[in-house]
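The structure appears right after this line, and notes come after that.
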Amino acid sequence: MSFSKLLKKALDNPTEFNVWTTLLDLVEKQQNIDHARKAFENFFDHFPYCYGYWKKWADMERHKGNKEEALNVYEKGVKAVPLSIDLWTAYLDAAVDLYEEALEAAGLEFRSDALWEHYIGWETSHNLCLVVAFTLSRYALSYSPGWPPIHRRRTEIVFDHCYLCYSTRIRW
């Protein structure tokens, strides 16, 4: 069945979940992002709590190179289903990918301090001490003039945090 006919059937029978899933399977196979957007938007008008379909839509956007739109889909999804841990983690993973993309594009720029500082701050705030240590070693390769003071401050934070994690585990 064609996209138009299947969409019409779904809109005429909005409570027929199987019709909607057939439509979404079709747009996923066709990889037509315009059809996908129309199908998903209408689907979520009726079934907003189907968190797996939010992820499918975001994945389609990302595969088409629409990273900003993928993040928008995740944002809509977590607003619709705020208790979905799977959706939140997928959203956060997509956001971390943006940091990596930014570092790949501009991380070796001579004055990339603010970018590195922002990413390391985010990692530190999420208690990712080993990841911060790795990122600091990557930052050292950028030869940015801000490296020495940031390195000293962040290294202290990382080692303090790692020590606290280690000593807490010993007590358990």
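Summary of values
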read-out: Qualifying residue in the stretch 9-25 (condition: farther than 26 Å from residue 101 by Cα, out of contact with any His (no Cβ under 8 Å at 6 or more places or on another chain), modelled with pLDDT of 95 or more and among the basic types (Lys, Arg)); value: yes
read-out: Matching option when the condition is among the aromatic types (Phe, Trp, Tyr) and either modelled with pLDDT under 80 or more than 28 Å from residue 61 (Cβ to Cβ) (or both), among 122, 88; value: 122
read-out: Among residues of the stretch 54-92, those that are buried (at least 16 other Cβ atoms within 10 Å of the Cβ) and under 22 Å from residue 35 (Cα atoms), counted; value: 17
read-out: Filter result for residue 53 (assigned to a loop (DSSP other than H, G, I, E, B) and either in contact (Cβ under 8 Å) with a residue 12 or more places away in the chain or within 22 Å of residue 90 (Cα to Cα) (or both)); value: no
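The values are calculated or read from the model by the stated rules, or taken from the named source; none is laboratory data. This one's a predicted model, so the numbers in the text were calculated from it and none came from an experiment. With ideal geometry, Cβ positions are generated from the backbone for all residues, glycine too; neighbour counts draw on all protein chains shown.
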